[in-house]
Amino acid sequence: MTRVVIVGAGVGGLGAGVRLTAAGCDVLVLEAAAQVGGKLGIARSEGHTFDTGPSLLTMPFTLEETLATAGVTLSDRLDVRRVDPLCQYHWDDGTALATHADPDATAAAFEALEHGAGQAWHRLLAQGRRTWDLSLPLFLSAAISGPIELARRSGRPINPRDILAHTTLERYGARHFRDPRLRQLLDRYATYSGSDPARAPATLSVIPYTESAYGAWHPIGGMHRIAQVLSDVIREQGGELRCSTPVTRIVTEHGSAVGVETAAGEVFPADAVIANCDAADLYEGLVSAPKQAAQIAAAPASLSGFVLMLGVAGRTPGLAHHNIWFPRDYRAEFADIFDDPRPPNTPTIYLCNPVATDPSCAPDGDESWFVLVNAPRHGQVDWDAEGERYQERILDRLDALGLRARERARTIIRRTPADLERLTGAPGGSIYGTASMGPRAAFLRPRNASPAFERLYLASGSAHPGGGLPLVLLSGKIAADLICRDLELTDAA
Ligand SMILES: Cc1cc2nc3c(=O)[nH]c(=O)nc-3n(C[C@H](O)[C@H](O)[C@H](O)COP(=O)(O)OP(=O)(O)OC[C@H]3O[C@@H](n4cnc5c(N)ncnc54)[C@H](O)[C@@H]3O)c2cc1C
């Protein structure tokens, strides 16, 4: 039986584990932390439950397809509910706007702010669909080594304009909207890949299309349930998961990965190894691959996040599931993160209030808030020194928005970029590995089949095709497919 060891029980590792156990492999997942899920973690306090990372599930078909390889139906395991509106936006001039999966509803809201913006939104979604239809089969679902291979696969050279790689998201938004609020709304999608809209390719405008086409979803019980279900399916199919088991070395022989060694000194032989840990850690720490390590170090890192989880008394009138408050000067926020790193002075506030969809997350009549602001990496800022002070600044901001956070909070959990690094192994707390900045960024992500060693594969948000749960599940699919191909397993994963 083919033995595969997976280093890390993040979603990419777990998704690959489901597919490979389904393909008949003997799978062992080794996880450094005490719980599975990685960034998709969970925290509890005073009867409140908090997702510590992702709060928005898009493209649920990636999860459905992963489970289906094991004959499991998503709806049998998870009660996944549609979230509407997609997001409630606020500006400091008092404007509020809700976006919806229904394009006409969002277009009407845009039109109310700017004449013609409704049509512009429809045009943007139509182009997003074309970009998506091209990207999903060619680029997002398969291993890739560069534009030449992409052209070979598609049968013709890909024009960067077809996938909007020729311009930035910021410029693209300015071509569609005059109203600075609507531009800001579009620019925010750069942060879905941890990037600066002034440098990120307009390709990221495909995200609003996917949100519109596939909706936004929430599993009852919390997002972390996704990691639990994936783990259950691996076990049910005979795979093994061990938590609190950090891997310290990938054992290589004659240029091939042949097993792993743990901190306790145990060695597990393997026919193939999947690294679900961050690609920088893999190439700097677990194997010796100076060329790959240098390539990653040369690329700009994605942003991190400063998180407060608040268990608050009572319900907040008008609070949606997903809420955003924009600052007046959005550019200053990105300058504080990427150009002259410091804790952003007036950051955009994202507040997830899952009770709007799922009352099980808080005691009766109360709310569990997940508040996230974009932040520079730990190392660029000493977040262990800054954390407490910045918490006060964010609480001030929440109070200024009228949310009475201090008065209502029964419990507050803080997660700085430094905590994210310690808890999930993400270097500097970067959420998405390297950022998607520049027209070629997508081709520069670490590859799923390691060029450094045979039988070593990468499945994570820091590798191809990128971060965020849907892409990470696709990363797991690509790694599993490569293993099936390379080891000539009959059941494709
Ligand atoms: C605050 C925040 C908000 C987010 N919001 C969203 C969202 O709304 N929607 C969305 O889709 N995505 C969101 N994301 C991104 C999403 O969480 C990640 O892209 C995804 O979970 C990453 O999965 P991964 O497979 O790369 O593994 P990770 O989650 O990075 O997990 C890797 C695992 O490997 C383990 N590991 C590392 N080194 C070792 C070792 N040497 N030995 C053993 N184990 C090791 C780690 O402990 C960890 O458990 C968010 C992330 C954060 C942090």
Item to check | Count of residues meeting criterion [of a type in the set (A, V, I, L, M, F, W, C), surrounded by 24 or more Cβ atoms within 10 Å (Cβ to Cβ) and not in a helix (DSSP H, G or I)] in region 190-202 | outcome: 1
Checklist entry - Residue check: is Leu458 more than 10 Å from the ligand (Cβ to nearest atom) and either open to solvent by less than 10 Å² (accessible area, probe 1.4 Å) or over 21 Å from Met59 (Cα atoms) (or both)? => result no
Checklist entry - Restricting the search to region 351-361, which residues are open to solvent by 20 Å² or more (accessible area, probe 1.4 Å) and touching a residue at least 12 places away in the same chain (Cβ under 8 Å)? => result Ala356, Thr357, Ser360
Checklist entry - Can you pull out the strands (runs of 3 or more DSSP E) entirely within region 203-285 that have at least 3 residues that are touching a Phe, Trp or Tyr at 6+ places or on another chain (Cβ under 8 Å)? => result 256-262, 272-275
Next on the checklist: Here's a check for you: in region 403-435, which residue that is among the hydroxyl-bearing types (Ser, Thr, Tyr) and out of contact with any Pro (no Cβ under 7 Å at 6 or more places or on another chain) is farthest from the ligand (Cβ to nearest atom)?
Outcome noted: Thr411
Next on the checklist: Here is a check on your reading of the model: is Val233 under 30 Å from Arg81 (Cβ atoms), in the same structural domain as Ala449 (by TED's automatic domain parsing) and of a type in the set (Val, Ile, Thr)?
Outcome noted: yes
Next on the checklist: Every residue in region 270-313 that is over 30 Å from Ser368 (Cα atoms) and among the charged types (D, E, K, R), please.
Outcome noted: Asp271, Asp281, Glu284, Lys291
Checklist entry - Which one is most open to solvent (accessible area, probe 1.4 Å), of the residues in region 409-443 that are among the β-branched types (Val, Ile, Thr) and either closer than 30 Å to Asp162 by Cβ or in the same structural domain as Ala459 (by TED's automatic domain parsing) (or both)? => result Ile431
Next on the checklist: Given (1) touching a Leu at 6+ places or on another chain (Cβ under 9 Å); (2) touching a residue at least 40 places away in the same chain (Cβ under 8 Å); (3) farther than 30 Å from Arg485 by Cβ; (4) open to solvent by 30 Å² or more (accessible area, probe 1.4 Å), identify the lone condition not met by Arg129.
Outcome noted: (1)
Checklist entry - What number of residues within region 286-314 are at pLDDT 95 or above, small (Gly, Ala, Ser) and open to solvent by 30 Å² or more (accessible area, probe 1.4 Å)? => result 3
Checklist entry - Could you say whether any residue in region 102-122 is within 15 Å of the ligand (Cβ to nearest atom) and of a type in the set (Ser, Thr, Tyr)? => result no
Checklist outcome for this item: For Asp76, the lone unmet condition from (1) acidic (Asp, Glu); (2) assigned by TED's automatic domain parsing to the domain that holds Ala463; (3) under 22 Å from the mean Cα position of the chain (by Cα) is (3)
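The values are calculated or read from the model by the stated rules, or taken from the named source; none is laboratory data. Computed from a predicted structure; not experimentally measured. As a convention, Cβ positions derive from the backbone with ideal geometry for all residues, glycine included, and neighbour counts pool all protein chains shown. Quick note on the areas: whole protein, heavy atoms, side chains included, nothing else; ligands and nucleic acids left out. Shrake-Rupley method; radii C 1.70, N 1.55, O 1.52, S 1.80 Å.
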